[in-house]
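None of the figures in this text is laboratory data; all of them are computed from the coordinates on show. From a predicted model like this one, the values you see are computed outputs, not experimental measurements. Cβ placement follows ideal geometry from the backbone for every residue including glycine, while neighbour counts extend to all protein chains displayed.
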Amino acid sequence: MNTTNDGVRLQKVLADAGVASRRACEELIAAGRVTVDGEKITWFGARVDPQQAVIHVDGKRIPTRAELRYYMLNKPTGVVSTMSDPRGRKTLAAYVGDVPERLFHVGRLDTDTEGLLLLTNDGELANRLMHPRYGVSKTYLAEIHGPIGRDLGKRLKQGVKLADGFAKADEFRVFDQVGKRILVEVTLHEGRKHIVRRLLAEVGHPVQQLARTEFGPVKLGRLRSGTIRALTTKEIGELYAAVEL
Ligand code: URA
């Protein structure tokens, strides 16, 4: 267990991670809501090594390694999902210029897809979020042309055959409709290339515009296009939980 004599006081580690004030963190510890490496810690004065300790509050992992960074970007269309581009197109590097750490993007969005892209230097989390084993869901809003059949959601959820195998949506709903322009929300848990576009084209509704709005437990919300923000401690904890970290 990673409580040590020369570490940092547990309440300070929690407060520095943005859980709550130091005083409130002391109360969380006293109430038995904090575990370090799986062991409940209730005594006053426990010290831990924030680089090593795996800390949970109410079962949610708390990020404690100061060098790890977690961001979301609302990627505009026209931006390639790489850090550099030999063809000189605008890349993600244009948005992470102020962040000193070298960040990796968690998966990709097509150049003409906009929306939520996670960026981090936490390699283990990034790898797990992309690994099919954890089946992290992603939600998209797609504009398609109507009219659509009543059974469209059922067909997508049953699954369709694509050139590289079977694919299906976990959730589907009509989000909005203006005349023949229909905005549908699709949730799926796989990351094959152009998967949403291919899925909807296969059922006769090629995508006109596409945006990712959710990645696992994290939602894009009202983040303006072309802006980046740090994830909250809560969001990071939820991402850890989604991939069993
Ligand atoms: N599916 C697509 O078709 N494109 C994306 O950018 C993401 C998912």
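How are the C-alpha pair distances of the chain spread across 5 Å bins, as whole percents from the shortest bin up?
1, 6, 12, 15, 15, 13, 11, 9, 7, 5, 3, 1, 0, 0
To the nearest 20 debye, what charge dipole does the chain have about its Cα centre, counting +1 at the Cβ of each Lys and Arg and -1 at the Cβ of each Asp and Glu?
700
Suppose only helical runs count, i.e. DSSP H with n ≥ 4. What mean residue ellipticity at 222 nm does that imply for the chain under -39500 (n - 2.57) per run, divided by all residues and rounded to the nearest 500 deg cm²/dmol? Walk me through the numbers before you get to the answer.
Details: 6 runs with 49 residues, N = 245.
Helices in the chain give a 222 nm mean residue ellipticity of -5500 deg cm²/dmol.
Checking understanding here: applying a Kyte-Doolittle mean of at least 0.0 and a length along the axis of at least 30 Å (C-alpha), which whole DSSP H helices in the chain pass?
For the chain, where a helix must reach 30 Å along its axis and average at least 0.0, there are no hits.
Find out how many positive minus negative residues lie around Gly191, taking Lys and Arg as positive, Asp and Glu as negative, among other residues whose Cβ is under 10 Å from that of Gly191.
Details: positive: Arg108, Lys138, Arg192, Lys193; negative: Glu190.
With Lys, Arg at +1 and Asp, Glu at -1, the net is +3.
Comparing Arg61, Arg173, Arg150, which has the greatest mean-square fluctuation in the GNM of the chain with Cα pairs linked when under 10 Å apart?
Largest GNM mean-square fluctuation: Arg150.
Would you mind counting up the charge near Lys157? Only other residues with Cβ under 9 Å from its Cβ, with Lys and Arg at +1 and Asp and Glu at -1.
In short, +1.
Is the shape of the range 124-245 best called rounded, prolate or oblate, per the rule: a/c under 1.5 gives rounded, else a/b larger than b/c gives prolate, else oblate, with a ≥ b ≥ c the square roots of the Cα gyration tensor eigenvalues?
Details: a/c = 2.38, a/b = 1.46, b/c = 1.63.
Since a/c reaches 1.5 but b/c is at least a/b, the shape of the range 124-245 is classed as oblate.
Please report the orientation-averaged projected area of the range 8-62, defined via the convex hull of its C-alpha atoms, in nm².
With every direction weighted equally, the projected area is 3.0 nm².
Which net charge results when you count Lys and Arg as +1 and Asp and Glu as -1 among the other residues whose beta-carbon is under 13 Å from that of Val218?
Cβ neighbours under 13 Å give a net charge of +2.
Residue farthest toward the positive end of the dipole of the chain, with Cβ of Lys/Arg at +1 and Asp/Glu at -1: which of Val178, Ala167, Gly38?
Val178
When a/c reaches 1.5 or more, the comparison of a/b and b/c decides; with that in mind, is the range 63-122 rounded, prolate or oblate per its Cα gyration tensor?
In terms of gyration-tensor shape, prolate.
Given springs between every Cα pair under 10 Å in a Gaussian network model of the chain, which of Val13, Val174, Val80 has the largest fluctuation?
Val174
Placing +1 at every Lys and Arg Cβ and -1 at every Asp and Glu Cβ, with all other atoms neutral, what dipole size does the range 1-68 have around its Cα centre, in debye to the nearest 20?
So the dipole magnitude of the range 1-68 works out to roughly 160 debye.
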